[in-house]
Each structure stands twice: as structure tokens, then as C-alpha cells.
Amino acid sequence: MLKTKVEKALNNQLLIEGESSQIYLAMASWAETQGLSGTAQFLYKHSDEERIHMLKLVQYINERGGHAVIPALSAPSRDYKTLNNMFATLLKHEIMVSSKINDLVEICLKEKDFTTNNFLQWYVSEQIEEEALARTILDKLKMIGSDKSGLYMFDRDVESITVQSNTGTKA
Ligand code: FEO
């Protein structure tokens, strides 16, 4: 059975993951309107992944005798100005998510909920990869600058960008 504190914190994380999915969906839509179809596909896929992150929390909370409450989500930004700005926003967002996961782990350890701590380790690893991926993409965009053919190739290849981290390789 989940302790109230842990259940509340997990429900809060469920909201963050749901909003992440919406943010990536908004970014995908913006990228599509800019003619950046490769980037849009990459972000649509990522939006789906975030929904799965949310779903895993819903199922875990209920499995442990809690109640996963499905929240209202706030509207994400609709305009990201430039590709660089959009990925900088994405990295900032993932850094925030990582810190929320860390807070959650801290609550579990304080409450001696080692099962939930164990469950959350998947998210800890995932965040390392997501931050690393966003940093790699931003580094590439910085290198490209305003070079049109570089941007064309970036958009064509963005789905195949991989990151080597200590948790493995991820597209
Ligand atoms: Fe589920 Fe990108 O954090």
C-alpha cells in the first residue's frame, strides 16, 4: 500500500509526464508548420514516449493500492521561434523533469518505500538519456548555425541521432 505522501508525489509526476507529452506534441506541430518534417516526426514519437511515461505511473499507483488521478493539463507554448530555441526549451524542460524525479526518489527514501524507489530507477536512467540526447542535438545545431544545407541534413537525420550514455544507446 502506498503512503499518502508517496501517492501524492507520484500523482504529481504523472501530471508532469502528461504535460511533457503535450509540450512535445506542440513542438512537433510547430516544426511541421515550419516544413521541418523530420524534426516533427522525431517529436511526435517523443510525445508518445512521454505518454507512456505517464501511463506507467498511472498503472503503478493503482497496482499499489493508490488512486491515479488523471489531471487537466495546461496548454503548452505554440510558437518556438527557432529550432535552436525549441531544443534549448526542450533541454531546460528535461532538466526540470530530472530534478522532479530526484525529489520523488528522495521522498521514497525518507518514507522507506524501497519498492517505489526501485520502480523509479527506470525514470532516473531515462532522464540521463533524454538530457544527453537534447544536449547532443543542441551541440549539432550550434555547429550548423544558419547554414541552410546543414539544417536540411539535420532535419533529414534527426531521427537517427544517437547518444552513448552509461545506460545504453538510444535513438
Ligand atoms: Fe518523461 Fe522526458 O521525461
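Any read-out appearing in this document is the output of simple, stated calculations on the displayed coordinates, not a laboratory observation. Because the structure is predicted, anything quoted here is derived from the model rather than measured. For neighbour counting, all protein chains shown are included, and Cβ atoms are generated from backbone atoms with ideal geometry for every residue, glycine included.
Here are a few things to note about the model shown:
- Taken over segment 1-80, the ratio of Cα radius of gyration to 2.2 N^0.38 Å equals 1.28.
- Amide H contacts of Val163 (H built 1.01 Å from N, in plane; Pro and chain starts excluded): Lys170 sit under 5 Å, all sequence-distant by 5 or more or on other chains.
- By the count of neighbouring beta-carbon atoms within 10 Å, fewest first, Lys92, Lys8 end up ordered Lys92, Lys8.
- Thr89, Thr82 arranged by Cβ crowding within 10 Å, fewest neighbours leading: Thr82, Thr89
- Sum of -39500 (n - 2.57) over DSSP H runs of 4+, divided by residues of the chain (222 nm, nearest 500): -26000 deg cm²/dmol
- What you get for the chain, charging only the Cβ of Lys and Arg (+1) and of Asp and Glu (-1), is a dipole of about 240 debye around the Cα centre.
- Amide hydrogen proximity for Leu2: with H placed 1.01 Å from N in the peptide plane, the residues at 5 or more positions away or on another chain lying under 5 Å are Gly66.
- For Ala68, net neighbour charge (Lys/Arg +1, Asp/Glu -1) across residues whose Cβ lies under 11 Å away: 0
- Three-way shape call for segment 4-160 based on the alpha-carbon gyration tensor, with the a/c threshold at 1.5: prolate
- Among the listed pairs Lys45/Lys92; Lys56/Lys142; Lys100/Lys148; Lys45/Lys100, those whose Cα-Cα separation exceeds 27 Å are Lys56/Lys142; Lys100/Lys148.
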